[in-house]
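**Q** Pasting a structure below so you can have a look.
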Amino acid sequence: MPLPIFPLNSVLFPGIPMPLRIFEERYLRMLADRTPNDPAFAIALIESGQEVGGSPAFHGVGTTARLVSINKLTANQVDIVVVGDRRVRISTGDWKRGYAVAETEDLADDAHDTAKAAAVAASARRAYATYVRGVARLVDLQFKAPSLSQDAAAASFELTSRLPLHTWEQQSILENVDPLARITSVKRLVDRELALLVRGGVAGVPLFYPGDRFTLN
């Protein structure tokens, strides 16, 4: 299925919203050219090149974007919100229209042990809740961890989108079609960020009490 491709320095995950401000003429035209049918386009992480101007190379796996709101600010500026829909493999883009258009193919998950994946996902959700409590304590605010999907496949994307990760780490999770391996990788990332939070503390001061280890329980 041919789709417009919107290369960004961000990774869009299935089920995750993303606000965007459109101001380049070519992408305003891309929006104007769209059909009423979803998806509006696919978002792909830039591999080399820049977001603004030029024809950046992008990764071969991205996510289709469903347009949920559009707000025209000026003649040359539009705010939109999209939600990630399906992962797709993306062929080389054709830039004849000024924006890329490429053939896309749905990327489905492989069969997996759902019980094992669910157990790892539950552990990852618990670790993330601890992480959020730690962040709340650092900034002296009261907030709770967001409600996360009970589905391991969906939870892997939700958690990855909420962690302060490099885009290459996010892209690796997006491309992984083994839900058990994917949620296992995400659990390791949550554990890593939690360990960094405890060791780093505030302004480089570790979160330890004198003579005893600080815990986030």
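The values are calculated or read from the model by the stated rules, or taken from the named source; none is laboratory data. The structure displayed is predicted, hence computed values, not measured ones. When we count neighbours, we look across all protein chains shown, and the Cβ atoms used for this are built from the backbone with ideal geometry, even at glycine.
**Q** State which residue is farthest from Ile90 (Cα to Cα) when the search covers only the range 30-51 and only residues that are β-branched (Val, Ile, Thr) and either assigned to a helix (DSSP H, G or I) or out of contact with any Pro (no Cβ under 6 Å at 6 or more places or on another chain) (or both).
**A** Thr35
**Q** What are the residues in the range 91-111 that are part of a strand (DSSP E or B) and farther than 19 Å from Tyr27 by Cβ, if any?
**A** Of everything in the range 91-111, those that are part of a strand (DSSP E or B) and farther than 19 Å from Tyr27 by Cβ turn out to be Glu103, Glu105, Asp106.
**Q** Collect the residues in the range 50-89 that are touching a helix residue (DSSP H, G or I) at 6+ places or on another chain (Cβ under 8 Å) and among the charged types (D, E, K, R), keeping them in residue-number order.
**A** Arg87
**Q** For the range 112-143: of the residues being touching a helix residue (DSSP H, G or I) at 6+ places or on another chain (Cβ under 9 Å) and outside any helix (DSSP H, G or I), which is surrounded by the most Cβ atoms within 10 Å (Cβ to Cβ)?
**A** His112
**Q** Shifting gears a bit: If the requirement is being under 16 Å from Ala129 (Cβ atoms), at pLDDT 95 or above, touching a helix residue (DSSP H, G or I) at 6+ places or on another chain (Cβ under 6 Å) and outside any strand (DSSP E or B), which of these qualifies: Leu189, Leu159, Leu197, Leu216?
**A** Just a single option satisfies the conditions, and that option is Leu159.
**Q** Here is a follow-up. Which residue is surrounded by the most Cβ atoms within 10 Å (Cβ to Cβ), if the candidates are limited to the range 21-76 and must be within 21 Å of His166 (Cβ to Cβ) and either free of Cβ contacts under 8 Å to residues at least 12 places away in the same chain or touching an Asp or Glu at 6+ places or on another chain (Cβ under 8 Å) (or both)?
**A** Thr63
**Q** When only residues in the range 52-90 that are assigned to a strand (DSSP E or B), of a type in the set (Val, Ile, Thr) and modelled with pLDDT under 95 count, which is nearest to the chain's Cα centre (by Cα)?
**A** Val68
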